[in-house]
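Take a look at the structure set out below.
The values are calculated or read from the model by the stated rules, or taken from the named source; none is laboratory data. What you see is a predicted model; the values in this text were computed from it and never measured. Here the Cβ positions follow ideal geometry from the backbone for every residue, glycine too, while neighbour counts run over all protein chains shown. When the accessible area is computed, the model is the full protein with side chains, heavy atoms only, and any ligands, DNA or RNA have been set aside. Shrake-Rupley method; radii C 1.70, N 1.55, O 1.52, S 1.80 Å.
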Amino acid sequence: MKSILTMLLSAAALAGCAHSTPPERFYSLSSGMPAAAPASAASRAPLYFELAAVAVPQQVNRSQLVVTVGEGRVELLEQQRWSAPLSSEIGQVLSLGITTELGAVDVYRTAAPDAAPVYRISASIQRFESAPGKSALIDAVWSVRRAGQTKVLACRTVAEEPVPDNYDALVAGHRRAMARIAAAVSKGVLALAAGGNACP
């Protein structure tokens, strides 16, 4: 009788393990980014910029990864999550990307040196689409304006990266897409600083 009870308890424990919830996985867009600026940045005067909070579509601005699973249909992945709200993730990776590209300093909510030109950057994500096995797509509208001046460079960058059918690869694809957007914004800053008004 005792051995039967032991067997029943063991079976119940195994059944519980079989139906346990899989562990949550957390992803970051900024992890693994290069820290060094290109050598060309060292030859320029220091650049300062302010990146305002990035606007992100409400349907994807949540903790869970939101993936496209069919025509007009999406799923929220409860076990696959961003390490911070997506708008914060995008703002951080964009700021770090521009900093790296230009060897610049993001002085948003801090003070820049006296008389130093500061470039104000705004960005709005129009689409942030995740399709495992297909692509990671980011469609961004952004603008650059030198503080104290009225001239504005307003542009759009669409970055799409093919990705395999797994979530690590999907997030890596979004990192590459954000790097392309950061590079475009950085070129916009340099263009405006040189007196140009053409989008990269």
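Overview of results
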read-out: Net charge of neighbours whose Cβ lies under 15 Å from the Cβ of A147, counting Lys and Arg as +1 and Asp and Glu as -1; value: +2
read-out: Solvent exposure of segment 40-186 as accessible area per residue, Å², 1.4 Å probe; value: 49
read-out: Share of carbon and sulfur in the accessible heavy-atom surface of segment 81-200 [1.4 Å probe, %]; value: 50
read-out: Distance from segment 89-106 to segment 159-180 (C-alpha centre basis), Å; value: 18
read-out: Sorted peptide list for 59-71, 87-99, criterion being average Cβ within 10 angstrom, highest first; value: 87-99, 59-71
read-out: In Å², nearest 10: area of C155 left accessible to a 1.4 Å probe; value: 10
